[in-house]
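Chemist: To start, I am sharing the structure in question, which I have written as structure tokens.
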Amino acid sequence: MRAFFSQLREALRATPDSAFVARRLFFTNSIDGIVSAIGVNVGAFDVGVRPLSMALAILGGSIAFGVAAGFLGALLSERAERIREVRDLERALGGSLRGSVYWRAALVVPVYVAFWSSLGILLFPLLVASPYFLSHWGLLGILEAYVLSNVLAVLALSFVGALLSRVSGESPLLSSLRAVLLGLGALLLVYSIKRVLIGLAV
């Protein structure tokens, strides 16, 4: 493990764009994960539903998406890009770079990028699902858990928006507000479609 982290530090120094790629995927997937959790939460909720079922519905999608797309998808695509860059450099230099820091970076950096990509998808839905675990343990009513879950999702978007302001240099308040409006828009859209479909089914 120590050797891996040593190689990772060396690889990140050799490929300074790696941190930017990892950061971008973390933020993109964080927003996707939260908005998806809102969709599942609003779409699947019913006053008679079991709290644990709601928690697992929110987490199930994020785990599947986080492992499949967040980690494996990012790992494979980033590995392909890094190896292509090394081979382009080999052609330009007219020699092999196997065993060099650039070759090691092509193998190590994709794992780093994939970790941050999947973390963005998995972390915040766990927060959104947490009130349903409290309800399952008898600490909250199901309706209270539903409301708190949506509040936490919106607060998570606000937090991510504030973090994004540090990247863009914009106002944290404005960046947070944009993220919150995105979440509220998704919530209202899913709720409206749900009401229409329920009305048609009656």
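All of the numbers you see were taken from the coordinates with simple rules; none came from a lab. Bear in mind that the values here come from a model prediction, so they are computed numbers and not experimental data. Ideal geometry is used to build each Cβ from the backbone, glycine not excepted, and the neighbour counts take in all protein chains shown.
Chemist: Kindly identify segment 1-45 as rounded, prolate or oblate by the Cα gyration tensor criterion: order the square roots of the eigenvalues as a ≥ b ≥ c, call it rounded if a/c is under 1.5, otherwise compare a/b with b/c, prolate if a/b is larger, else oblate. Present the calculation step by step, with values, prior to reporting the outcome.
Modeler: Numbers: a/c = 9.23, a/b = 2.72, b/c = 3.40.
Oblate is the answer for segment 1-45, as a/c is 1.5 or above yet b/c matches or exceeds a/b.
Chemist: Next up: With angles folded into 0 to 90 degrees, how steeply does helix 142-168 sit against the dominant principal axis of the chain? Use alpha carbons for both and round to 10.
Modeler: 30 degrees
Chemist: Restricting things to alpha carbons, tell me how big segment 142-183 is in terms of Rg and Dmax, in Å.
Modeler: Rg and Dmax of segment 142-183, Cα atoms, are 11.8, 40 Å.
Chemist: Per DSSP helix of 4 or more residues, -39500 (n - 2.57); summed, then divided by the residues of the chain. What does that give at 222 nm, rounded to the nearest 500?
Modeler: -29500 deg cm²/dmol
Chemist: Over all pairs of distinct alpha carbons, what does the Kirkwood formula give as the hydrodynamic radius of the chain, in Å?
Modeler: Over the chain, the inverse of the mean reciprocal pair distance is 18.9 Å.
Chemist: From the phi of every residue in segment 106-120, what ³J(HN,Hα) in whole Hz does the Karplus formula 6.51 cos²θ - 1.76 cosθ + 1.60 yield, where θ is phi - 60° and glycine or proline is x?
Modeler: 5, 9, 8, 4, x, 5, 4, 5, 5, 4, 5, 4, 6, 4, x
Chemist: Would you please give the FRET efficiency between residue 72 and residue 188, computed as 1/(1 + (r/R0)^6) with r the Cβ-Cβ distance and R0 = 35 Å, to the nearest 0.05? Before the final figure, lay out each step's value.
Modeler: Details: r = 33 Å, r/R0 = 0.94.
The value I calculate is 0.60.
Chemist: List, in order, the whole-Hz ³J(HN,Hα) value for each residue of segment 189-198 obtained from phi through the Karplus relation with A = 6.51, B = -1.76, C = 1.60 and θ = phi - 60°; use x for Gly and Pro.
Modeler: 5, 5, 4, 5, 5, 4, 5, 5, 5, 5
Chemist: Quick one: putting +1 on the C-beta of Lys and Arg, -1 on the C-beta of Asp and Glu, what dipole do you get for segment 58-122 around its Cα centre, in Debye to the nearest 20?
Modeler: 180 debye
Chemist: So, one more: I'd like the orientation of helix 17-44 relative to the chain: the angle between its Cα long axis and the longest Cα principal axis, in ° from 0 to 90, rounded to 10.
Modeler: 20 degrees
Chemist: Binning at 5 Å from 0, report for segment 32-88 what percent of all alpha-carbon pair distances ends up in each bin.
Modeler: 4, 18, 19, 16, 11, 9, 8, 6, 5, 3, 1, 1
Chemist: Tell me, what ³J(HN,Hα) does each residue in segment 76-83 have, in order and in whole Hz, if you take phi through Karplus 6.51 cos²θ - 1.76 cosθ + 1.60 with θ = phi - 60° and put x for Gly and Pro?
Modeler: 5, 5, 5, 4, 4, 5, 5, 5
Chemist: Which order do the peptides 89-102, 171-184, 23-36 come out in when sorted by mean C-beta neighbours inside 10 angstrom, highest first?
Modeler: 23-36, 171-184, 89-102
Chemist: Now for a separate question. Roughly how large, in nm² to one decimal, is the mean projection of the convex hull of the alpha-carbon atoms in segment 121-202?
Modeler: 6.9 nm²
Chemist: Report, in degrees rounded to the nearest 10, the 0 to 90 angle that the Cα long axis of helix 2-14 makes with the longest principal axis of the chain.
Modeler: 80 degrees
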